[in-house]
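For reference, the structure is listed below as structure tokens.
The values are calculated or read from the model by the stated rules, or taken from the named source; none is laboratory data. Everything numeric here is computed off the predicted structure, so don't read it as measured data. So basically every Cβ, Gly included, is an ideal-geometry build from the backbone, and we count neighbours across all protein chains shown. We work out accessible area using only protein heavy atoms, side chains counted, and drop any ligands, DNA or RNA first. Shrake-Rupley method; radii C 1.70, N 1.55, O 1.52, S 1.80 Å.
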Amino acid sequence: MGNSNMDEWEIDKPLGQCYGTGRKIEPSEEYFGALVETDQGLLRRDFCADYWNSENPDVFCYWKTKLPSADQKKPIFVDDEMLMAFFQRLENESEQEKINFRFVLALILMRKRCLKYDSSRTENGRETWRLRITGENDFVEVFNPNLEQEQVEQLTSQIGEILQTDLK
């Protein structure tokens, strides 16, 4: 474990439980999913609305969502909102790992049609993509770190693990 690279992005289970109070989040209850920076890297933590509103926990990024009821398949859009929150939060990060994460998130969001490729430009050998957020007039820019396909796949499964969702 000596090297502080990818394997630091550990997961905190279980989900469906308020990290602050330990209370179980009930089906169809609204709650906040969040990523928190810890010594082990980014961890996913969920908070019930009461705790969130009263304690205002310090988080890296968050999204508001609802626990699906038992007979309901997990709503897809939750994942999209979650990915978008993570993507936008990484915008001004300069660490290589986070730049790579953001690019892979952009690829996932393009695949899910949440982002649409618009154009690209190269400055000083660095390629930047301009993407449009679907349904909005806003554009976002993403630096392309020229990752190998293998790295992209590895990062994709890692992001899936951090967010505890299946991105396939």
Mind ranking 135-148, 95-108 by how tightly packed they are, going by the mean number of other C-beta atoms within 10 angstrom, highest first?
95-108, 135-148
Using only alpha carbon pairs under 8 Å that are at least six residues apart, calculate the relative contact order of region 38-142 and give it in whole percent.
14 percent
Scanning the chain, every Cys lacking a C-beta partner under 4.7 angstrom -> 61, 114
I need the peptides 119-131, 20-32 ranked by packing, meaning the mean over residues of other C-beta atoms within 10 angstrom, with the highest value on top.
20-32, 119-131
Answer in debye to the nearest 20: the dipole magnitude of region 71-168 about its Cα centre, from +1 Lys/Arg and -1 Asp/Glu charges placed on Cβ, is 320 debye
Ellipticity estimate at 222 nm from DSSP helix runs (n ≥ 4, -39,500 (n - 2.57)) divided over the chain, nearest 500
-10000 deg cm²/dmol
Is there a quick way to get the dipole size of the chain? I mean about its Cα centre, with the Cβ of Lys and Arg at +1 and of Asp and Glu at -1; what is the value in debye to the nearest 20?
620 debye
Pairs of lysines in region 28-120 (C-alpha under 23 Å apart; 8 or more residues apart or interchain)
10
Over the chain, average the accessible area per residue using a 1.4 Å probe and give it in Å², no decimals.
59 Å²
Quick calc: nm separation of the 7 Å Cα→Cβ label points for residue 88 and residue 60 -> 1.8 nm
For region 55-153, would you read off the P(r) tail past 19 Å as a percentage of all alpha carbon pairs?
49 percent
Here the residues of region 37-65 lying in the modelled label zone of residue 81, meaning backbone nitrogen under 20 Å from a point 7 Å along Cα-to-Cβ, are 44-65
If contacts are Cα pairs under 8 angstrom and at least 6 residues apart, what is the relative contact order of region 86-168 in percent?
24 percent
